[in-house]
Amino acid sequence: MIRAFVRQGHEVRRFAATNAGLTANNLQSALLVAGMLPMIMLVVNTSSVAVVWFGGHRIQAGLMNLGALTAFIAYIMQILLAIMMSMYVLMTAPRAAVCAERIQAVLDTEPSVRSSVQQPHLRPAPGRLDPARPATLAFQGVGFSYPGAEAPVLADVSFTAASGTTTAIVGSTGSGKTTLLNLIPRFLDPTKGRITLAGHDVRDLPWTRLREAMAIVPQHSHLFTGTIGDNLRMAAPAATDDELWAALETAQTMRFMSDLPLGLATPVGQGGASLSGGQRQRLCIARALLRKAPLYLFDDSFSALDYDTDTRLRHALAQALTATVIIVAERISAVEDADLILVLDDGRLVAQGTHRELLETSATYREIAESRSRWTARRDGRGGSRGNGVQVLADGPKAPSPPAPLPAAHARSRRRHLRLRSPQCCGPQISG
Ligand SMILES: Nc1ncnc2c1ncn2[C@@H]1O[C@H](COP(=O)(O)OP(=O)(O)OP(=O)(O)O)[C@@H](O)[C@H]1O
Ligand SMILES: [Mg+2]
């Protein structure tokens, strides 16, 4: 970023300013120490000379013997050395106090989400979540506010994702889709309402049982340093190579995986830096597929895929998954087939239903669909129609030119659906 925006000079100046501040601080404390050391030595040596001088006179006068003077000198040296050490301790004390304060702040942090194991007063949920049986997920009047935020991010969200169905969540950027998904594995706890999975309140389930019951593909595809195999086995440590290849095939990774001579042993850089965005996304999907779970959560997990791969992947997923699936998607084409579509607008669930129902009943959903199809039609230089007034959605790998300004009626929708209107921002990045 710094090189791309030619900010090297600015960053060098920023670093130099911070460095100069640190150097000045260190110089100040070093000068203080350098000044104090001779002072201490002066006091120690003057004291020794004074003791010898007074002691010598007293010995000469016969008031004191030599052994007493030697003992006195040894004692006074010990006292002065102890004073010297305490001066050093006093000098380092402010730095230690600041460090202690920071460590204490970390130790004092109360986790905002507590497992039911840590809350014995909570009733343990009966039975187990059966990994082989799809689970029903229900939100009942769920609201959520980030600590310190003025307005809630989610308000009064209620829906039921029936067992074995696919539920899609659409909405503008910042409407709360990721926040909603994060409530399910209890990365966050709702501030209002309750969430149930297979009839159990998620707060009654221990974390391990709750999180074992779901496979998650997060919005930001993150891979760890290691090999592709290591990364995939995070979800299923005991998986065989055949199982890994099967998941990779379902996730449509074979085009680029077959080009890798080391296959599963191919090293992955930190954060997956050696792979393209689309390749990372598909590996994250394969990782999630390895876990046989009653619930799958996909947070905008198809955004870096081209239309063709996206279609093949969703087709393969539909065949491979019998579980309950929650998909956050930016493309209407990705949610058309969902059994239930939730439309989020500014943290509120403004509509829910199937694609056809929503086109008839929800103005917000129509705006999303129309802004998308209008853009697609303009890009392709033609307009198809589905008979319901919405043109055929056909994402392509490249957009030749940005769309012309829309009429005022669509301007608001376009602002709110920035990512939907232009796949250039999140378009294909893959080579495989
Ligand atoms: N950790 C946080 N602390 C405070 N506010 C947050 C935090 N994370 C998200 N938000 C706010 O919550 C709102 C919803 O964010 P969220 O990430 O859920 O949106 P989203 O619908 O997933 O957006 P996108 O489509 O860009 O992924 C945003 O206004 C965001 O600024
Ligand atoms: Mg998000």
Rg from C-alpha atoms of region 140-236, normalised by the globular rule of thumb 2.2 N^0.38 Å, equals 1.22
Among L183, A235, T173, the residue whose Cα sits farthest towards the positive end of the charge dipole of region 138-239 (+1 at Cβ of Lys and Arg, -1 at Cβ of Asp and Glu, taken about the Cα centre) is A235
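To the nearest µm²/s, what D does Stokes-Einstein give for region 159-318 at 25 °C and 0.890 mPa s, using the Kirkwood radius over alpha carbon pairs as Rh?
Details: Rh = 16.7 Å.
Calculated translational D: 147 µm²/s.
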Quick note on S258, S163, ordering by fewest other C-beta atoms within 10 Å, gives S258, S163
Final fewest-first order of E101, E370, E150 on the 10 Å Cβ neighbour count is E150, E101, E370
So for R0 = 25 Å, FRET eff. of D230-R312 from the Cβ-Cβ r, to 0.05, ends up at 0.45
Ordered by fewest other Cβ atoms within 10 Å, a rough proxy for footprinting exposure, K177, K192 read K192, K177
The farthest towards the positive end of the charge dipole of region 137-348, of the residues Q270, V343, I326, given +1 on Cβ of Lys and Arg and -1 on Cβ of Asp and Glu, is Q270
A convex hull over the alpha carbons of region 11-92 yields, per residue, a volume in Å³ of 69 Å³
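Every read-out reported here was derived from the displayed coordinates using simple, explicitly stated rules and does not represent laboratory data. Owing to the predicted nature of the structure, the values given are computational and were not obtained by experimental measurement. Reconstructed Cβ throughout: ideal geometry from the backbone, glycine too, with neighbour counts over all protein chains shown.
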